[in-house]
Amino acid sequence: MKPNMNINRGNPMTDTIQDDIAKHLEISSQIKMLAAGQCAGPAAEAAAAIADSLKKGGKLMLCGNGGSAGDAQHIAAEFVATLDHRRPRKGLAALALTTDTSFITAYSNDFGYDGIFARQVETLGRDGDVLIGISTSGNSGNVVAALEIARDNGITTIALTGQGGGSMAGMADIAIMVPSDQTPLIQETHIALGHAITAGVEKLLGH
C-alpha cells in the first residue's frame, strides 16, 4: 500500500516546516554555488596531492569530530570502496582516524582528548602520506594537533574548514574554506567537496 502523501496537506504547522525545508535547501545550494567559485581550485590541488601520494604508495588519513568525524569516515569509505558502484575499481588507501574506539577511549582517558589524532598520525603516518583535517571552525584542538604532527613528519596537510579557516588555514599546505559560518551548511558542502575530490583522484589515477 502506498503511503498517503496528502495526509498532512493543509496543516499549518506542516506547511511551515515544508517552507523551512525548502528555504534550507535553497540556502544550501547557494553556499555550494559560492563554494564552486572559491573552493574548486584548492579542492583540485587536494585531489592532485592525494593522487600523487597514492601513486607513490602513500595513503590518505582523515580526522574530525562529531559530524566531521562522520564525514571523515564517509570520504574514507568512498576511497576504499568506490565512489560509484557502477564504475568499480581497485581500492584506494584511505583511513579515518575516528573509528578505533578502543584506542580513542584509552588514549583520551589516560592522556586527554586533544592528542587522539596526533598520536595516530605520528604512529601510522609516513613521509609522503596526506592528512585531511576536517573542522567547521578550523580551531578543533585535536585536529590542529594532528596537522602539526603531520607537518613535522613530511605529511601533506589539507584543511577542510568553514569561512575564514580558523587557525588551521594558516598551517595547512592546502586550505579549503567553505564560505559560510553555519555548521550545517558547511558540513553539507564538505561532503559534496569530499565526493568531488574523490572523483578527481579517480580521474587522475585513470579510473
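The values are calculated or read from the model by the stated rules, or taken from the named source; none is laboratory data. Predicted model only: the values in this text are computed from it and were never measured. Glycine also receives a Cβ, built like all others from the backbone with ideal geometry; neighbour counts cover every protein chain displayed.
Numbers below:
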| quantity | calculated |
| --- | --- |
| Scan of the range 48-66 for residues that are touching a helix residue (DSSP H, G or I) at 6+ places or on another chain (Cβ under 9 Å), crowded, with 19+ Cβ neighbours inside 10 Å and not in a strand (DSSP E or B), ordered by number | ILE50, ALA51, LEU54, GLY58, LYS59, GLY64, ASN65 |
| Any chance ALA72 is at pLDDT 95 or above, on the phi < 0 side of the Ramachandran plot and in contact with a strand residue (DSSP E or B) (Cβ under 6 Å, 6 or more places away or on another chain) | yes |
| Every residue from the range 27-47 that is among the hydrophobic types (A, V, I, L, M, F, W, C) and in a helix (DSSP H, G or I) | ILE27, ILE31, MET33, LEU34, ALA35, ALA36, ALA40, ALA43, ALA44, ALA46, ALA47 |
| Sole residue being under 19 Å from ILE197 (Cβ atoms) and either modelled with pLDDT of 95 or more or polar (S, T, N, Q) (or both), chosen from GLY133, GLY115 | GLY133 |
